[in-house]
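Right, one structure below, let's go through it.
Laboratory data are not the source of any read-out in this text; all were calculated from the coordinates shown. Just so it is clear, the structure is predicted and the values come from calculations on it, not from any experiment. As a convention, Cβ positions derive from the backbone with ideal geometry for all residues, glycine included, and neighbour counts pool all protein chains shown.
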Amino acid sequence: MLVLAHISDLHLDGSARATERAERVCERLRNLPGRVDALLVTGDIADHGTEAEYEEAARILGPHGPRTPWPVLTCPATTTVAPRTARPCSGGRPPTGRSTASRCSTEARS
């Protein structure tokens, strides 16, 4: 059986409150009794759509690190996706302007 965890509308804004909330969610998923095969993050990942907010998301949700030992797929809301700023969570490629799943990547720093 495939286990897909889903979280939505993180609204990361650089505040300690939003960061700690997202980190607690990842911690909870890591401590589940069964294995999570992938994490789907949808909705407003960043609160204002700034590059710094998406970099924070990539740091917290980055794939296969000690924090998230599973693949992370994103489907951000179009209201906060700007082509230049969302690159850290779209594998370095500009988002298409519509919600499509992509891997969140900490490698993109364009």
Give me the compactness ratio for the range 1-80, meaning the Cα radius of gyration over 2.2 N^0.38 Å. 1.04
For the peptides 19-28, 36-45, 53-62, 6-15, what is the packing order when you average, over each peptide's residues, the other Cβ atoms within 10 Å and list the highest mean first? 53-62, 36-45, 6-15, 19-28
